[in-house]
Amino acid sequence: MFPVASIRNLYGLSVEELSEALSPLEPRPFTARQIAAHLYARRLLDFDRMTDLPAKLRAELARSFTIQLPSPAETLVSRDGTTRYVLSLPSAGSVEAVFIPSGKRATLCISSQSGCALGCTFCMTGTLGLLRHLSSGEIAGQVALLMDLHRLRPNCFNIVFMGMGEPLHNYQALKAALRLLCDRRTGFGISPGHITVSTAGLAPAIEKLAAEEIVPRLAVSLNATTDEARSRIMPINKSYPILSLMEACGKFLREAGQRLTLEYVMLSGVNDSREDLPRLARLASSLPARVNLIPFNATPELPFQPSPMEQVRRFRDGLLKRGVRASIRASRGPDIRAACGQLSFGAPGDGAAGTGRGESAAGKNRRASDPPEAAMERAAAGELVAR
Ligand code: SF4
């Protein structure tokens, strides 16, 4: 028997990677496909239950490999039914995922990184800095776990990559996870049209994504209508200003034929002026793209206030009047810090980022070399490119 630390975790490996990992035990390539289908399509996480494999092989697999997914360390349930999970990751560290019930179709808010390097100043995740990238198995494993906990069938829910992290900054793992999630034969069988990847605007990676075999929907966090204002709240804008971002979005729409939405978090006195409205309408019309207006979830640690709801509605109506499809996103789970921009391992009512129950999770994993200030500088210097 190997010591546990040396046993390789098979969860997250593609068919090709499984085939390579299994080759000393089982040279037939078909077996890798069988195991992939068990892991991802049927979500069987125990070799003993893979009964179409010979008993001897199952015993050898159990001795040589493990199947490990993120597991809930803490569960917080909101008044509105939204559930935030703090998850322990198989290879150390933590991340958060959110289950959002909504009529017949729930939404799973999934993380691509623990923390985030981009340091958007209105986002609590950004205050953590980048703790680490997640692997494809840790990304797809969040979906498998939430499906299991909430008894969900594929394509009866939506997935949004709007949890912790900038998905396009962890490009290869995201791409591999999308393959696991979307493959109809050996994967989860989820349609790319039910998956939305949200990005702060890594323009080259948006263009790269447009050319992939599996292209999800895209949500682009715009959040300002001038470079000056956007660079103040989103340091990544210094590397990829609005014009280059709009060009990448246009290319995505032309080449991918997939839906693209502009997200606009409304911050009082920052991006909600009378002049912002026509500029936002022009940017959206130029693509064209739908605009999702997001009321800011005020947090004591961040120096912003939400725009009054009256102003948010004025923006929506003004956009509609100018022929731009626009809607206001309902805030879900703000009482448990599960709402947009609030994920930071904090307990409800925390007064500071990463304090209280969450500090052990965040603090233990924080890379001293990657405080938010350093990440912001690297983002501004254009150092953050898709992996
Ligand atoms: S808004 Fe997104 S990209 Fe910006 S810091 Fe938060 S998680 Fe990162």
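Brief remarks follow.
- Dipole magnitude for the chain: computed about the Cα centre from +1 point charges on Lys and Arg Cβ and -1 point charges on Asp and Glu Cβ, it is near 1060 debye.
- Ligands, DNA and RNA are left out, and with a 1.4 angstrom probe the accessible area of the chain is 43 Å² per residue.
- Placing GLU212, GLU263 in order of accessible area, with the largest value first and a 1.4 Å probe, yields GLU212, GLU263.
- Size descriptors for the chain (Cα atoms only): Rg and Dmax, in that order, 21.2, 71 Å.
- Where a label projected 7 Å from the Cα of LYS251 along Cα→Cβ would reach, residues of the range 206-235 with amide N under 13 Å: 206-212
- Computed E for ARG232/ALA59 - FRET, C-beta separation, R0 51 angstrom, nearest 0.05: 0.25
- Accessible-area value, ARG332, 1.4 Å probe, nucleic acids and ligands omitted, Å²: 60 Å²
The values are calculated or read from the model by the stated rules, or taken from the named source; none is laboratory data. Given the structure is predicted, the values throughout are model-derived calculations rather than measurements. Ideal geometry is used to build each Cβ from the backbone, glycine not excepted, and the neighbour counts take in all protein chains shown. Side chains included, ligands, DNA and RNA excluded: accessible areas come from the protein's heavy atoms. Shrake-Rupley method; radii C 1.70, N 1.55, O 1.52, S 1.80 Å.
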